[in-house]
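Bear in mind these aren't lab numbers, they're just calculated from the coordinates by the rules spelled out. No experiment lies behind these values; they were computed from the predicted model shown. Don't worry about glycine lacking a Cβ; one is built from the backbone with ideal geometry, like all the others, and counts go over all protein chains shown.
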Amino acid sequence: MKPNIGITDKNLKAITNMLNAGLADAMLLYTKTRKFHWNVNGQSFMELHKLFETQYKLLEEAIDEIAERISKLGAPAVGTFKEFLELTSLKETPGKNPSQTDMLRELLHGLA
């Protein structure tokens, strides 16, 4: 159902496209944070393991809110990895398990 909130169809489409791109970024960042949570090791293991867990839980909440907002605006929220990868501005690092410092750097970059 199309909402009647005083936004033109053109602007509504632009807004939901931006929200879907943000959703894609959040999903990639969520996946990367989970990967780092599972694969972190070294001296600061426990601190980073807990930090990453806190972060992916917060991201999960944000993802749900973004997707629901898109739906409320009358557009479908993207929901496949193919769509996420097409829309995201973030980069994946398959097959790589970075150092603790690089994990933090990648997540900070993704949050920015």
Check: What is the dipole size for the stretch 33-103, taken about its Cα centre, with +1 at each Lys and Arg Cβ and -1 at each Asp and Glu Cβ, in debye to the nearest 20?
Finding: 160
Check: DSSP loop trypsin sites (Lys or Arg not before Pro) in the stretch 37-112 with at most 16 other Cβ atoms within 10 Å of their Cβ, which ones?
Finding: LYS91, LYS96
Notebook entry, point to check: Going toward the positive end of the dipole of the chain, with +1 on Lys and Arg Cβ and -1 on Asp and Glu Cβ, which of LEU29, ASN41, TYR56 do you reach last?
Noted result: LEU29
Margin query: If R₀ is 30 angstrom, what is the calculated FRET efficiency for the pair HIS109 and ASN4, using the beta carbon separation as r and rounding to 0.05?
Written below: 0.15
Margin query: Starting from 0.36 nm per residue, how many nanometres of slack lie between THR80 and THR54 once their C-alpha separation is accounted for?
Written below: 7.0 nm
Margin query: Going through the cross-link list LYS13/LYS82; LYS13/LYS72; LYS2/LYS82; LYS32/LYS72, which pairs have a Cα-Cα distance over 18 Å in this structure?
Written below: LYS13/LYS82; LYS2/LYS82; LYS32/LYS72
Note to self: Just to check, using Stokes-Einstein with a Kirkwood Rh over alpha carbon pairs, what's the diffusion coefficient of the chain at 25 °C and 0.890 mPa s in µm²/s?
What the structure shows: 161
Checklist line | Gain on full stretching of the segment that runs from SER99 to ARG34 - 0.36 nm per residue minus C-alpha separation | finding: 21.9 nm
Notebook entry, point to check: What is the sum of charges around GLY74, taking Lys and Arg as +1, Asp and Glu as -1, for the other residues whose C-beta is under 15 Å from the C-beta of GLY74?
Noted result: +3
